[in-house]
Amino acid sequence: MNHIKLEEKHQMLEQELANVKVLDELKIFESSFRKIIKILFAEMKDLSAKDKQEAGQKINRFKNLFEAKIAEIKIKLQEQVESEVQADLSIASAEYVRGKVHPLIRVGKMLEDVYKEMGFSIVYGPEIESDRHNYEMLNMPYYHPARDMQDTFYLEYDPEKVNENILLRSHTSCVQVRYMLENKPPFMIISPGVVYRTDEIDPQHTPCFYQVEGLVVGDGINLANLKWAVIESVKRIFGEEYQIRFPPSYYPYTEPSAAMDMSCIMCAGKGCRSCKGTGWMRVGGAGMVHPNVFEAVGYPRSTTGFAFGWGLNKFPMLYYKIAEMRKLFENEIALWEQL
């Protein structure tokens with residue numbers, strides 16, 4: 001190892017280190033220093049065994065010397081930073097303005113609180129689901145046309161392995177399936193969460209939206225129990241003056257099935273753009289759980305229970321009289337300040 005060359009690097013590094021004033025500059029210097037050491041060791045490859053030993057000792061002394069200097073300067077600079085950032089507690093703090101909870105989250109929590117008061121438990125599940133949990137176990141085999149009603153986004157798709165396909169869940173009914181696979185009746189649960197469908201955007205639809213689904217399973221459960229649970233929850237949130245109707249509908253996982261329509265708050269039932277001129281706004285669906293679903297999770301087909309599902313995005317529309325669902329996602333500060 002050339003002693004003169006090592007001495008030149010020593011002087012150069014000493015000068016650079018003397019100019020370091022802040023921690024960021026020290027980090028840059030340390031990185032540069034590591035590269036120099038690496039080069040010095042690499043240059044030893046052509047030396048004889050005796051010369052390698054001597055050169056290695058010199059480089060190690062050189063390395064240890066500057067590592068000690070770097071450590072010493074680092075401590076001083078850290079102490080300097082800590083002394084500069086000490087707060088003057090006598091200075092009045094700036095006014096802190098707390099933000100508001102998004103109306104969708106606010107109304108969702110209200111709904112959860114209502115159902116907890118009614119004796120329901122809250123359960124959650126994954127947003128990325130298997131075809132088996134999202135469709136097959138809910139009485140929708142791969143050839144069933146009802147899948148088109150809930151067309152979703154596939155992450156993995158293999159037509160030869162339908163049950164193993166991975167997708168974004170199209171409803172939270174798959175959470176109920178998972179719960180039934182691990183628990184026996186009786187129980188009362190709701191399953192809130194985000195769901196995904198390839199819906200076109202309009203005043204009442206978006207491709208990503210929130211649902212709250214409920215499931216009650218036990219001896220002697222009937223449609224009267226279902227109607228009471230749905231109507232009672234609406235009354236507790238919106239008041240006695242708003243009505244719910246149950247027109248017949250179709251869902252593959254319930255039989256009999258009904259839609260859930262709520263009288264339109266925007267127009268008081270007269271008909272408007274939000275309710276498409278009907279005076280009613282569809283807010284969910286319900287029905288008695290299909291025996292095929294109970295059989296799929298290992299329950300006897302004679303088991304009784306009902307299920308219902310709210311399109312939660314429509315609840316803040318109704319509660320705050322927001323004309324279009326899109327407003328919930330546009331971050332319009334002026335709108336939130338009015339709520």
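The values are calculated or read from the model by the stated rules, or taken from the named source; none is laboratory data. These numbers were taken from a predicted model, which means no experiment stands behind them. We place every Cβ from the backbone using ideal geometry, glycine too, and count neighbours over all the protein chains shown.
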Original post:
Picking from Ala296, Ala286, Ala258, which residue would you name as being surrounded by 16 or more Cβ atoms within 10 Å (Cβ to Cβ), within 28 Å of the chain's Cα centre (by Cα) and assigned by TED's automatic domain parsing to the domain that holds Val175?
Top reply: Ala286
Original post:
Any idea which of (1) modelled with pLDDT of 90 or more; (2) surrounded by fewer than 20 Cβ atoms within 10 Å (Cβ to Cβ) is the one Ile237 doesn't satisfy?
Top reply: (1)
Original post:
When region 134-151 is examined, which residues are found to be crowded, with 19+ Cβ neighbours inside 10 Å, under 23 Å from Pro207 (Cβ atoms) and either within 25 Å of the chain's Cα centre (by Cα) or outside the structural domain of Phe120 (by TED's automatic domain parsing) (or both)?
Top reply: Asn134, Tyr135, Leu138, Gln150
Original post:
If only one of Ser274, Ser302 is of a type in the set (S, T, N, Q) and at pLDDT below 80, which one is it?
Top reply: Ser274
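Would you check which residues across region 206-218 are surrounded by fewer than 15 Cβ atoms within 10 Å (Cβ to Cβ) and farther than 17 Å from Thr254 by Cα and list them?
Step one: filter region 206-218 for residues surrounded by fewer than 15 Cβ atoms within 10 Å (Cβ to Cβ), giving 207-208, 218.
Those that are surrounded by fewer than 15 Cβ atoms within 10 Å (Cβ to Cβ) and farther than 17 Å from Thr254 by Cα: Pro207, Cys208.
Of all the residues that make up region 159-189, how many are farther than 17 Å from Thr304 by Cα and under 20 Å from the mean Cα position of the chain (by Cα)?
So the answer is 10.
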